[in-house]
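Reviewing the structure listed below.
The values are calculated or read from the model by the stated rules, or taken from the named source; none is laboratory data. Keep in mind that this is a model prediction, so the values were computed, not measured. Positions of Cβ are generated from backbone atoms using ideal geometry, with glycine treated the same way; all protein chains shown enter the neighbour counts.
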Amino acid sequence: MMKALDRPIATMQGLWLKTTIKMAPPAAGPTTGTVGTSMTRRPYRVAVLGDSTAAGCGVDNHDESFTGWLARELTARTQRPVQWQVIGQFGATARRIRYRLLSQTGEELDAAVLLAGANDVMSGRHLDEWAADLAAIVDDLMERSGHVIVAGLPPFALFPSVPTALGRVLTARAEALDEVSRNICRTRPRTTWVTTTEVPPRHFFATDRFHLSAAGYRRWAQVVADHIPV
């Protein structure tokens, strides 16, 4: 819960965080691949679209990123090979995803996962702007994919790198954006909003204490996979 002095304190803490934190770079290596082999079953096709979490910031390559773990989780559950694609960019807001990244997403997908909103929270974007961009992204992904997953926003107040007052302010903003996301997904078929109430342990974070580690991405992929029809 936010307190009366949180906003001015959060402004100072935000400036301090920008000047002191050294963000982990995106994952290296290919942004497409196949997990598993089968001569008889059609591959399951999944794309992950979004910001630095989609880009795999915090781990060395996409084998350890959200996308890599999701692909392995899906191939284990479907007993089919999984063809994966990731389109992610550090710092991307929903607006940039909508107008710059979305067109790179494949067609005839079985599932598409959107990891977005953290930069919209941190930049203080208006709820109406978030709603317009998210609705456009989801509607486009519905044309490309059999099912769309929109991941809820992370618990900023629990990030080791985020000071307390700033964490409360960002969490309040995230909750407001998440409510918009839930409503958008609720009114669209084959679209699911996914979140988790788990408290992330410290080893779920990368060395920058802001992005996820391989263990964190693995757990998040498991949570999302639970909501993908296979």
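Quick notes on this one:
- Residue count, region 74-103 (criterion: farther than 20 Å from ASP51 by Cα and part of a loop (DSSP other than H, G, I, E, B)): 3
- Some residue of region 184-193 being part of a helix (DSSP H, G or I), of a type outside the set (D, E, K, R) and either loosely packed, with under 14 Cβ neighbours inside 10 Å or within 15 Å of the chain's Cα centre (by Cα) (or both): no
- Scanning region 59-103 for residues that are among the aromatic types (Phe, Trp, Tyr) and out of contact with any helix residue (DSSP H, G or I) (no Cβ under 6 Å at 6 or more places or on another chain), we see that the one that is modelled with the highest pLDDT is TYR99.
- Among the criteria (1) over 19 Å from TYR44 (Cα atoms); (2) in a loop (DSSP other than H, G, I, E, B), the one GLY106 does not fulfil is (1).
- Here is the figure for region 109-132: residues that are part of a helix (DSSP H, G or I) and more than 30 Å from THR34 (Cα to Cα) total 9.
- Test: residue in region 145-157 that is more than 17 Å from VAL224 (Cβ to Cβ) and either hydroxyl-bearing (Ser, Thr, Tyr) or in contact (Cβ under 8 Å) with a residue 40 or more places away in the chain (or both): no
- Candidates are the residues of region 194-215 that are touching a Ser or Thr at 6+ places or on another chain (Cβ under 7 Å), assigned to a loop (DSSP other than H, G, I, E, B) and not acidic (Asp, Glu); the one that is surrounded by the most Cβ atoms within 10 Å (Cβ to Cβ) is HIS211.
- Filtered residue count, region 12-39, keeping only those that are at pLDDT below 95, hydroxyl-bearing (Ser, Thr, Tyr) and in a loop (DSSP other than H, G, I, E, B): 2
- Only one of the listed residues (SER181, SER161) is polar (S, T, N, Q) and crowded, with 21+ Cβ neighbours inside 10 Å. That residue is SER181.
- Any chance VAL180 is within 24 Å of TYR99 (Cβ to Cβ), without any contact (Cβ under 8 Å) to a residue 60 or more places away in the chain and either in a helix (DSSP H, G or I) or out of contact with any strand residue (DSSP E or B) (no Cβ under 7 Å at 6 or more places or on another chain) (or both): yes
- Every pair of residues 6+ apart whose Cβ atoms lie under 8 Å, when the first sits in region 71-83 and is at positive phi while the second is in a loop (DSSP other than H, G, I, E, B): GLN79/SER38; GLN79/ARG41
- Criterion: buried (at least 24 other Cβ atoms within 10 Å of the Cβ) and farther than 16 Å from LEU141 by Cα - qualifying residue of VAL86, VAL59: VAL59
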